[in-house]
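Asks: I'd like to ask you about the structure that follows.
The values are calculated or read from the model by the stated rules, or taken from the named source; none is laboratory data. Please read all numbers here as calculations on a predicted model, not as lab measurements. No Cβ is skipped: glycine too gets one built from the backbone with ideal geometry, and neighbour counts run over all protein chains shown.
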Amino acid sequence: MGPFVHGHCNGILCLADLGGLGNNVSLWNPSTREFKIIPQTTVQRPPGLLDFSTFNSLGFGYDSQTDDFKVVRSVTNYFEENLDEGLMEDWNGQVELYSLKSDSWKEISFTGFYAFDSILFNNYVNGFNYCQAVGVDHHILSFDMINKKFSTSPLPEFSGSLEQYYLDLLDFNGFLGAIFYPREGTDNSFDLWVMNGSWTKQFNVESVLRVERPLEFWKNGELFLESSGQELVLFDSSIQELRNLGIHAYQKTMHITAYVESLVPLKGRSEHEECIIRRPPGGESN
């Protein structure tokens, strides 16, 4: 599987190869067409008969205190040991942090290891990355890019259950937004809650279209959505209207990224130096 836009911040995109579960990570500035291939980690794995490691989750953001872009990643190490009673399997977790300024990885402490929601730790809002905490019911796991600390906070108390609803976390005008939408059935509605000191229900949408998933907020509170037919639709919350934009997903994959121009140097290379950015078959070259 090719590179996936895994996160964005201040005009910089973070790309990860999902086939490698986050092992291959790059940064890209489309404005300057500069590309930075992040080096392989130098973090030491725990001693023992290590069988293999997987990179489970990835978060990308900006540390305003040190003027530095960072990538946080969770790693699960699997061990096997032959004992008299048979083969014993065990695992442990690590969290590592990459700094663009130092161009290096380091391990950071994480007490009380939770299983991260795989590949969904890419919601960056005002210095924090967010994902749904696994192993702590109805809570959100957040990572502070400045203090390099994890914390959990409760989800809003909505009328459904997480067994019946999907949860997506998005940036809503600089605040954390939580969208709940049904996993299956005839209910096409979805709710948006916004965290501003406390959770507030912003709006509810009753849709004639089956919503596959929310994608990204745009200006004036408009929300891009993917329909069950893999079509791009735009919801205008001010008039409660859904509009089909006539754009279909490529190979059933649709992703929208909010983008601003940036001149931030990545200390990398030009994308023209080698074939770095892949284009879909039949796509035109610029």
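Asks: Check off (1) among the charged types (D, E, K, R); (2) under 26 Å from Thr257 (Cβ atoms); (3) touching a strand residue (DSSP E or B) at 6+ places or on another chain (Cβ under 9 Å); (4) at pLDDT below 85 for Glu157 and give me the number that stays unchecked.
Replies: (2)
Asks: Residue by residue through the stretch 56-67, note down the ones that are surrounded by 16 or more Cβ atoms within 10 Å (Cβ to Cβ) and either at pLDDT 90 or above or farther than 25 Å from Gly11 by Cβ (or both).
Replies: Asn56, Phe60, Gly61, Tyr62, Asp63
Asks: A further question on this structure: May I ask you to verify whether Thr111 is at pLDDT below 80, surrounded by fewer than 21 Cβ atoms within 10 Å (Cβ to Cβ) and within 20 Å of the chain's Cα centre (by Cα)?
Replies: So Thr111 fails the test.
Asks: Suppose we filter the stretch 260-286 for residues that are in contact with a Pro (Cβ under 9 Å, 6 or more places away or on another chain) and modelled with pLDDT of 80 or more; how many remain?
Replies: Qualifying residue count for the region: 2.
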